[in-house]
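Notes follow the structure.
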Amino acid sequence: MADEAETHRDCVGGCMPQLPKSALAKRAKRHKLGEHQLDQLLQALDGRCMICQRCHAMYIDTTTRAATVRLRGVVCRWCKQRIAVHEGSYGNERGVLGCRCRPRDDPEWEPRMAAATAQYLERTARLTSYATDQEWFEALIDDLSVHGPDPSGVWSGIPLSDLPQLTAPESLPTAEFDRSCSPLARQRCADNCRNHDEHIYIACFAEPTKLRDADTFDAVMHYVGWTRQRPPVRRVNQHGAICRKSLIAIVPGTETEEAHLKDEAQCPQCGRPLRYN
Ligand SMILES: [Zn+2]
Ligand SMILES: [Zn+2]
Ligand SMILES: [Zn+2]
Ligand SMILES: [Zn+2]
Ligand SMILES: [Zn+2]
């Protein structure tokens, strides 16, 4: 950490990078993580909170709205509070939220924090496809080492309009869809559909195309993605205008179905495999 000295001048009690190894090991054990997993995760994050990405990580965050409590990631004290307020853990009381790292005069800071929270919740929503927290942390560490802590570019100047949007969880009912048929047989949703809480989207390109914030760095002929953002077109736009322009399907669907499509389905437009290579 290059700016370790400067950061630590501002440290408060509970900064994980400041804890003795034995204390970290104890926490990892309490959460049934592998011996080095917490260490590795903190290393991949340069010791920072996964949301504000400036304060040190202080807590292992867990889900609050799921039937079973699962580990999500690591955050600072203030961002943990931000998630709790967002998820309604404090009832309807919503005080002003800050963070220790909040800059003095930056009108974009609050909307960027909201986007960073959305990015965190979207990224960690994938944990439900892992059987154990250990497997999830392993996947998260891998994902961080490939895509970095800020795949949507919340803190790197991407315009606010292109960033993930935080939507209030309690105000979002979800419409049912036919789960027995293939996602490709489902009726296409409007790009700005707000009826479903998860969507699969497919883009078919005229030539090999590189996308921003994608799960591949290669130039690809097709892109298949899954999102919980509402409307789903927000997520599509995060890959760049070309993805929106080349979109051939947005349908309700699960992450498992997305993975399946990517592996074995053919493009409904050009008939070639959707597989990346
Ligand atoms: Zn600190
Ligand atoms: Zn934070
Ligand atoms: Zn912070
Ligand atoms: Zn829909
Ligand atoms: Zn195609």
Compute the whole-percent fraction of alpha carbon pairs in segment 31-78 spaced more than 15 Å apart.
45
Going residue by residue through segment 201-211, the Karplus relation 6.51 cos²θ - 1.76 cosθ + 1.60 with θ = phi - 60° gives ³J(HN,Hα) values, rounded to whole Hz and with x marking Gly or Pro, of 10, 10, 10, 10, 9, 6, 8, x, 10, 9, 10
How long are the three semi-axes of the equivalent ellipsoid for segment 108-198, computed from the Cα gyration tensor as the root of 5 times each eigenvalue, in whole Å, largest first?
26, 21, 13
Given Cβ point charges of +1 (Lys, Arg) and -1 (Asp, Glu) and nothing else, what value in debye, to the nearest 20, does the dipole of the chain about its Cα centre take?
480
If R0 = 25 Å, then Ala131 and Gln165, at their Cβ-Cβ distance, give a FRET efficiency to the nearest 0.05 of 0.25
For segment 262-277, just list the computed ³J(HN,Hα) in residue order, Karplus coefficients 6.51, -1.76 and 1.60, θ = phi - 60°, integers in Hz, with x standing in for Gly and Pro.
4, 7, 9, 8, 9, 5, x, 8, 9, x, 7, x, 7, 3, 5, 9
Taking amide H atoms as placed 1.01 Å from N in the peptide plane, list the residues 5 or more away in sequence, or in a different chain, whose amide H sits under 5 Å from that of Ile248.
Ile202, Ala203, Cys204
As a footprinting exposure proxy, order Arg235, Arg272, Arg228, Arg244 by other Cβ within 10 Å, with the fewest listed first.
Arg272, Arg244, Arg228, Arg235
Based on alpha-carbon atoms only, what is the radius of gyration of segment 153-275 relative to the globular estimate 2.2 N^0.38 Å?
1.04
With everything on Cα atoms, drop me the angle between helix 21-30 and the longest principal axis of the chain, reported from 0 to 90° to the nearest 10.
50
Can you sort Cys189, Cys204, Cys76 so the residue with the fewest Cβ neighbours within 10 Å comes first?
Cys204, Cys189, Cys76
What is the angle, in °, between the Cα long axis of helix 109-124 and the longest principal axis of the Cα atoms in the chain? Nearest 10 is fine, range 0 to 90.
70
Taking the chain and counting helices only, DSSP H stretches of n ≥ 4 at -39,500 (n - 2.57) each over all residues, the nearest-500 ellipticity at 222 nm comes to -9000 deg cm²/dmol
Over its Cα atoms, what ratio of radius of gyration to 2.2 N^0.38 Å does segment 178-236 give?
1.21
Give the order of Arg104, Arg230 when sorted by the count of other beta carbons within 10 angstrom, beginning with the fewest.
Arg104, Arg230
Using Cα positions and a limit of under 17 Å, work out the lysines in reach of Lys32, with same-chain residues fewer than 8 apart set aside.
Lys21
For the chain, averaging the sequence separation of alpha carbon pairs under 8 Å that lie six or more residues apart and dividing by its residue count, the contact order in percent is 14
Using the structure shown, list the pairs from Lys29/Lys80; Lys29/Lys210; Lys26/Lys262; Lys80/Lys245 with a Cα-Cα distance above 30 Å, or answer none.
Lys29/Lys210; Lys26/Lys262; Lys80/Lys245
Kirkwood hydrodynamic radius (C-alpha pairs) into Stokes-Einstein, the chain, 4 °C and 1.567 mPa s, D in µm²/s
65
Please pull out the direction-averaged projected area of segment 4-169, using the convex hull of its alpha-carbon atoms, in nm² to one decimal place.
10.2
Gap separating the Cα centres of segment 18-35 and segment 236-277, nearest whole Å:
40
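Read-outs: derived from the displayed coordinates by stated rules, not from any lab. This one's a predicted model, so the numbers in the text were calculated from it and none came from an experiment. Glycine also receives a Cβ, built like all others from the backbone with ideal geometry; neighbour counts cover every protein chain displayed.
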